[in-house]
Amino acid sequence: MLPFKSKSVDDYHGTLVGDPFRYMENPSDARTVNWAQTQTKITRKYLDSIPARGNLRSRLLKLWNYPKIYIPKQTAGKYFFQRNLGLENQAAVYVQDTLDSSPVKILDPNAFSEDGTTALTNLSISPDGKYLAYTRSDSGSDWQEIRVLDIAAGQELGDVIQWCKFTSLPWAPDNSGFFYTRFPKPGTVAPEDASNYSKVYFHRLGTKQSEDQLIYERPDYKEMGFSTKVTHDGVYLVLEIWIGTEPKNRVYYRKLSDGGSFASLLDEHDALYSLIDCTNGLFYFHTTKDAPKGRVIAIDPENPATEMWQEVVMEDEAVLEQVIMVNRKLVAVYLKDGSSVIKLFELDGTFLDTVSLPGPGTVAEVSGKPDDKEFFFSFTSYLHPTCVYRYEFSTGRTTVFFEPKLDFETDQYKTKQVFYPSKDGTKIPLFITFKKGIELNGENPTVLYGYGGFNISITPSFNPANLAWLEAGGIYAVACLRGGNEYGEEWHQAGMGPRKQNVFDDFIGAAEWLIDKKYTKPSKLAIMGRSNGGLLTAACMIQRPELFGAVISWVPVTDMLRYHLFTAGRYWIGEYGNAEASLEEFQTLYKYSPVHNIKFGTVYPPVLILTAESDDRVVPMHSLKFAAALKTASGGDNPVHLYVESKAGHGAGKPTNKLIDEAADIYAFLWDRLEV
């Protein structure tokens with residue numbers, strides 16, 4: 001069934017561009033609904049008919065069934081963390097009084113909904129450990145609702161706050177309430193401004209949302225977004241002010257005691273300034289100002305001029321990813337060639353030690369407070385499920401807090417890292433995971449994954465879905481493309497805006513290298529990416545269709561001329577550009593926009609396009625338009641499969657049962673198309 005085509009045309013700086021599937025931008029249009037439902041039914045029937053899918057899903061159930069613990073955070077002398085016992089749809093919240101005591105469940109998101117599609121998305125414990133403020137979202141939406149739990153009583157207070165998205169929840173030092181950000185009530189602003197006009201409020205426990213105190217707003221600059229922090233000493237409320245997803249921000253502050261207006265500390269919007277904390281009258285920041293790979297500075301709010309800044313930790317060859325203050329010292333996580341390193345420093349910048357890690361991999365998170373005598377960190381890699389470790393300052397020892405056991409013989413596999421040349425000669429890191437003793441004969445089914453954007457590093461991480469692929473003799477490769485943060489802000493800028501083609505060249509270069517080195521061949525090579533990575537795979541299959549045997553384009557951005565007009569799209573203008581803003585930006589976007597570069601009669605590889613009806617970050621119209629354009633223009637017999645998942649969003653909070661079904665679908669498709 002081919003979709004209906006309209007005659008919509010837009011004029012971009014003198015160039016007329018047709019948009020035959022414009023109606024698909026309206027999710028309520030009967031033509032959109034009918035076509036999406038029909039395609040989903042066709043895809044579902046096909047996936048269910050693949051002989052390997054049933055056994056694959058059974059194996060995934062076993063591989064997924066191991067306990068998982070999120071990093072603990074110590075508050076009021078107790079340890080709070082999330083834990084999933086194995087196949088629970090959502091991880092519950094637990095507390096234990098000591099490291100040796102038994103954990104007690106205090107909040108179970110699995111009770112939020114029968115099917116597990118209502119998720120716990122953020123949580124914050126009051127300083128006295130009595131209350132838990134948390135956010136929940138339905139069906140994968142970015143929109144959040146805040147609620148509050150009395151931990152000892154095991155009862156919710158009845159406080160409900162709506163219209164929030166991406167909010168932090170720092171508590172007032174006296175435990176009376178917390179700060180948060182929210183957007184306008186639906187219907188009070190134009191639909192295109194639903195994600196503008198963010199405001200900061202203070203909510204006092206036991207009161208209604210309508211009584212919340214407005215703390216800060218900027219109606220004159222509607223695109224501003226706010227993240228709130230309360231310094232550990234309880235002295236300051238700090239606003240980190242963002243414009244979209246750019247790694248640049250402003251910083252304002254005020255004393256909590258006086259409730260006055262905010263003072264501007266950093267107002268140039270010229271770099272990243274991430275507050276570490278405040279101590280001895282100094283604000284400590286992780287910044288990229290004059291240091292594209294990051295450094296630590298200290299600023300005296302009484303003398304904030306640039307020339308008065310103190311450099312605490314200078315820029316290193318490795319990228320400084322995150323810093324926290326623990327035991328009145330700095331715990332710094334670096335990224336070197338795609339793998340993590342933890343270093344410890346005194347507050348004056350004196351180097352103390354490097355923390356031993358299990359091997360090459362990723363430290364995803366560290367937790368601890370300035371007065372704590374210990375910190376926790378999580379570690380993972382492609383063959384190493386996430387483990388949690390505890391570092392004690394008094395002994396300098398690292399011990400295991402949690403380590404899961406798997407139904408998988410990881411010692412039979414290995415990960416190696418290579419560096420291959422991109423089109424312009426730039427060396428790109430590539431991680432390759434496979435079964436030991438594999439023969440490099442060009443016949444190995446291979447998945448190549450990538451992202452390349454938004455300053456996000458793609459580092460080694462564990463996913464049980466990939467294990468079944470490895471067991472069947474498959475290879476899993478991940479390229480660390482420009483546009484990410486693997487080598488700092490210069491690496492990011494080399495893959496954004498007018499330089500976006502570098503990212504596609506990097507990914508294509510990885511495919512060519514794998515083929516040249518006999519790991520695989522085009523008919524056995526699949527590419528996979530989600531969100532901005534979905535754009536990556538869509539663009540690469542359009543540019544080099546002969547290079548791939550299958551494509552997974554997962555919640556992709558594909559209409560680069562109109563993406564900024566929908567939901568969160570306007571946040572990405574700094575990353576991609578805006579076709580309406582200038583001729584140059586239009587020409588850049590038009591040159592690679594997937595829906596605008598499909599050529600009639602071209603034989604494109606088999607593709608599975610995945611989206612979700614509740615995705616309010618990358619709206620489904622991108623996937624629908626892309627699938628429609630491919631179906632009407634593609635030559636040959638290779639299938640174009642579109643699947644629109646119900647009661648799901650961009651990915652966050654997706655329940656375990658849906659994750660397993662989704663993995664079974666993706667790998668069954670690859671099993672079938674690559675003839676595993």
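No value in this document is a laboratory result; all are computed from the given coordinates. Computed from a predicted structure; not experimentally measured. When we count neighbours, we look across all protein chains shown, and the Cβ atoms used for this are built from the backbone with ideal geometry, even at glycine.
Worth pointing out:
- Span-rule helices in the chain, defined as complete DSSP H runs reaching 20 Å or more along the axis (Cα) with Kyte mean at least -0.5: 501-516, 656-673
- Range in the chain, longest, excluding exposed chymotrypsin sites (Phe, Trp or Tyr not before Pro) [loop by DSSP; at most 15 other beta-carbon atoms within 10 Å]: 222-599
- Look at the dipole of the chain built from charges on Cβ: of Gly569, Val333, Ser176, the Cα furthest out on the positive end belongs to Gly569.
- Considering only Gly636, Thr588, Pro606, the residue lying farthest towards the positive end of the dipole of segment 583-642 is Gly636, judged by Cα position with unit charges set on Cβ.
- For the chain, adding -39500 (n - 2.57) for each run of n ≥ 4 DSSP H residues and dividing by the number of residues yields -5500 deg cm²/dmol at 222 nm.
- ³J(HN,Hα), Karplus 6.51/-1.76/1.60, whole Hz, each residue of segment 76-92, x for Gly, Pro: 6, x, 10, 10, 10, 7, 9, 9, 10, 6, x, 10, 4, 5, 9, 7, 8
- Rounded to the nearest 20 debye, the dipole magnitude of the chain is 1840 debye, with +1 charges on Lys and Arg beta carbons, -1 on Asp and Glu beta carbons, and the Cα centre as origin.
- About its Cα centre, the dipole of segment 492-562 is roughly 120 debye, where the only charges are +1 on Lys and Arg Cβ and -1 on Asp and Glu Cβ.
- Footprinting exposure proxy for Leu352, Leu132 (fewest neighbouring C-beta atoms within 10 Å first): Leu352, Leu132
- Charge dipole magnitude, Cβ of K and R +1, D and E -1 - segment 68-230, Cα centre, debye nearest 20: 320
- The trypsin sites (Lys or Arg not before Pro) of segment 477-519 that DSSP puts in a loop, and whose beta carbon has at most 13 other beta carbons within 10 Å, are Lys517, Lys518.
- Its residues counted as N, segment 1-69 yields a C-alpha radius of gyration over 2.2 N^0.38 Å of 1.85.
- Cα Rg over Rh - segment 168-278, Kirkwood: 0.96
- Taking the centroid of alpha carbons for each part, segment 534-584 and segment 34-99 are 29 Å apart.
- Computed from phi, the 3J(HN,Hα) profile of segment 565-582 under the Karplus parametrisation 6.51, -1.76, 1.60 (θ = phi - 60°) reads 8, 10, 6, 7, x, 5, 5, 9, 4, x, 7, 9, x, 9, 4, 7, 6, 7 Hz, with x in place of Gly and Pro.
- Distant-in-sequence amide contacts of Asp277, defined by a placed amide H-H separation under 5 Å and a gap of 5 or more residues or a different chain, comprise Tyr284.
- Backbone HN-Hα couplings from phi across segment 472-487 [Karplus 6.51/-1.76/1.60, Hz, Gly and Pro as x]: 7, x, x, 10, 10, 10, 10, 9, 8, 7, 4, x, x, 10, 4, 10
- Residue pairs exceeding 22 angstrom between C-alpha atoms, taken from Lys229/Lys329; Lys199/Lys229; Lys130/Lys654; Lys73/Lys289: Lys130/Lys654; Lys73/Lys289.
- Enclosing the Cα atoms of segment 219-338 in their convex hull gives a volume equal to 113 cubic angstrom per residue.
- Taking every alpha-carbon pair within segment 227-288, the share separated by more than 13 Å comes to 60 percent.
- Seen from all directions on average, segment 68-230 presents a Cα convex hull projection of 10.4 nm².
- For Ser340, Ser139, Ser28, order by how many other beta-carbon atoms lie within 10 Å, fewest first: Ser28, Ser139, Ser340
- When the charge dipole of segment 68-230 is built from unit charges on Cβ atoms (+1 for Lys and Arg, -1 for Asp and Glu) and taken about the Cα centre, the candidate among Trp143, Ile71, Ala190 whose Cα reaches farthest toward its positive end is Ile71.
- Set the Cα radius of gyration of segment 54-109 against 2.2 N^0.38 Å, with N its number of residues, and you get 1.38.
- Other-chain or far-sequence residues with amide H under 5 Å of Val104's (modelled H): Val95, Gln96
- Qualifying trypsin sites (Lys or Arg not before Pro) for segment 1-88 [loop in DSSP, other Cβ within 10 Å: at most 16]: Lys5, Lys7
- Across all directions, the average flat footprint of the convex hull enclosing the Cα atoms of the chain is 29.1 nm².
- Pairwise centroid distance, computed over Cα atoms, of segment 275-347 with segment 586-638, Å: 43
- Ser8, Ser210 arranged by Cβ crowding within 10 Å, fewest neighbours leading: Ser210, Ser8
- Between segment 356-403 and segment 154-216, the alpha-carbon center distance in angstrom: 33
- The H on the amide N of Gly244, modeled in the peptide plane, is under 5 Å from the matching H of Gly225, each at least 5 residues off or on a different chain.
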